[in-house]
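Okay, so here's the structure we're looking at.
The values are calculated or read from the model by the stated rules, or taken from the named source; none is laboratory data. None of these values were measured; they are calculated from a predicted model. Neighbour counts are summed over all protein chains in view; Cβ atoms, including those assigned to glycine, are modelled from backbone coordinates with ideal geometry.
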Amino acid sequence: MDSRIKRVRYKVQRHQGNVGDRPGTIVIPDGALKPHISMFSYNETELVTSEGKDIKVILNQFKKCDNHTHWIKVNGLGDPALIEEIGTYLNINPLVLEDIANTHQRPKFDEYDTYAFCTSRMVRFNKEDELVNNQFSAILKDNLIISFEEDYEEYFEAVKARLKAGKGAIRTAGPSYMCYALTDTIIDNYFMLLALIGDKLDAIEDKVYTSADKSIMFNSQQIKRTLIIIRRASWPERDKINDMIRSESPLITSEVKLFLRDAYDHCIQAMDLIENYKEVTSSIIDLYLSMVSNRMNEIMKVLTIISVIFIPLTFIAGIYGMNFARQDDKGHVIPDNMPELYWQHGYVYAIVLMFAIAIFQVFVFWKKGWFNKL
């Protein structure tokens with residue numbers, strides 16, 4: 001595995017609309033992609049698919065497949081007219097349509113008279129190593145589920161493969177099972193993302209012990225921020241699934257509730273991993289700062305030893321460098337002035353004395369263990 005850690009960039013999304021807008025107003029985000037509709041109509045024996053860019057593809061397939069369960073998959077929210085047409089055709093509350101277009105919803109599950117509405121957060125790294133946090137929305141009715149995604153990225157290839165294979169309960173358990181399958185896939189993607197983060201943390205931790213530098217702190221902080229974003233997505237996802245399990249709506253069957261309990265457990269596991277990785281990240285940052293502090297202490301220790309050795313030497317050199325004369329200009333001896341200035345070999349004596357003092361200090365420091373692990 002490549003141990004290098006790329007810089008994580010975060011895709012910034014701004015809230016759209018104006019303060020005081022009428023409730024139910026559909027405001028499309030800046031840069032929203034034009035919708036692409038994929039429709040899957042299925043029963044126990046048949047799967048019919050079609051694609052298009054307007055509501056006609058939905059209406060035509062409804063006519064051809066009147067005894068099927070339908071999954072309508074809309075990628076891109078760049079056409080408010082299409083969202084309004086779908087809402088009018090399915091008799092959806094305008095507040096729900098507003099929540100679909102406003103892509104800053106937290107995961108939730110809302111029940112209405114004839115349908116239910118849920119949202120989730122899909123968090124992933126794109127090809128540019130940018131963290132993308134997109135919204136997934138779904139409307140659940142008697143024989144259909146219609147999902148909305150912000151981009152064209154394929155998140156649910158595994159679900160489509162299971163649908164084409166026709167095995168298991170995905171073709172027979174109704175639209176609520178499809179809602180569970182999509183939700184469970186989103187949670188599974190959390191585990192894939194956390195596995196990638198775990199590998200990055202292992203690489204950072206290895207670097208701490210081999211070639212620590214300040215990039216460790218920067219990369220750890222970026223990962224910590226990523227974990228916070230995933231936590232903000234997974235924490236309400238748990239509450240959403242719990243609301244679906246406790247729902248008395250006939251749209252959520254008792255069979256599907258058993259699967260939802262399994263998804264609930266997966267969500268709890270993801271949250272535990274997030275908390276564990278956050279602790280590891282904080283520990284790595286603390287460890288690096290401690291290592292920097294210890295390294296600084298070792299440097300100060302070396303400088304202190306050098307200073308202590310040279311302090312008495314500087315003291316001796318300073319005394320004999322004051323140059324007080326032994327005799328005045330008339331040749332008279334001045335009392336209490338340095339007689340050593342006129343000693344023969346005085347320079348040699350001073351050098352030997354200073355060298356002996358230095359050797360003695362080094363010996364004392366060595367006996368005290370000050371030179372250990374410098």
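Considering only residues of segment 293-307 that are surrounded by fewer than 14 Cβ atoms within 10 Å (Cβ to Cβ) and of a type in the set (A, V, I, L, M), which is farthest from residue 342 (Cα to Cα)? Ranking the qualifying residues of segment 293-307, first place goes to 296.
Each residue in segment 159-195 was checked for being modelled with pLDDT of 90 or more and farther than 21 Å from residue 144 by Cβ, and 9 of them qualify.
Being over 30 Å from residue 31 (Cβ atoms) and assigned to a loop (DSSP other than H, G, I, E, B) is the filter here; which residues of segment 142-185 pass it? Those that are over 30 Å from residue 31 (Cβ atoms) and assigned to a loop (DSSP other than H, G, I, E, B): 142, 143, 166, 167, 168, 169, 170, 171, 172, 173, 174.
Could you list all residues from segment 104-132 that are aromatic (Phe, Trp, Tyr), crowded, with 19+ Cβ neighbours inside 10 Å and closer than 25 Å to residue 193 by Cβ? It would help to see each step written out before you state the result.
Within segment 104-132, the first condition is being aromatic (Phe, Trp, Tyr), and the residues that meet it are 109, 112, 115, 117, 125.
From what is left, the residues that are crowded, with 19+ Cβ neighbours inside 10 Å are 109, 115, 117.
Correct list: 109 only.
Just so you know, in segment 205-223 the residues that are among the polar types (S, T, N, Q) and surrounded by fewer than 17 Cβ atoms within 10 Å (Cβ to Cβ) include one that is modelled with the highest pLDDT, and it is 221.
Annotation: of all residues in segment 116-144 being among the polar types (S, T, N, Q) and over 15 Å from the mean Cα position of the chain (by Cα), the one that is nearest to residue 103 (Cα to Cα) is 135.
Scanning segment 76-92 for residues that are outside any helix (DSSP H, G or I) and of a type in the set (Val, Ile, Thr) yields a single hit, 92. Put simply, of 237, 275 the only residue that is out of contact with any helix residue (DSSP H, G or I) (no Cβ under 6 Å at 6 or more places or on another chain) and assigned by TED's automatic domain parsing to the domain that holds residue 124 is 275. If the condition is being surrounded by fewer than 16 Cβ atoms within 10 Å (Cβ to Cβ), without any contact (Cβ under 8 Å) to a residue 40 or more places away in the chain and more than 12 Å from residue 42 (Cβ to Cβ), then segment 154-190 contributes 154, 157, 158, 161, 167, 168.
Filtering segment 54-72 to residues that are surrounded by 14 or more Cβ atoms within 10 Å (Cβ to Cβ) and either assigned to a loop (DSSP other than H, G, I, E, B) or touching a helix residue (DSSP H, G or I) at 6+ places or on another chain (Cβ under 9 Å) (or both) leaves 55, 58, 65, 68, 69, 70, 71, 72.
Going through (1) among the small types (Gly, Ala, Ser); (2) at pLDDT below 90; (3) not in a loop (DSSP other than H, G, I, E, B) one by one, residue 24 falls short only on (3).
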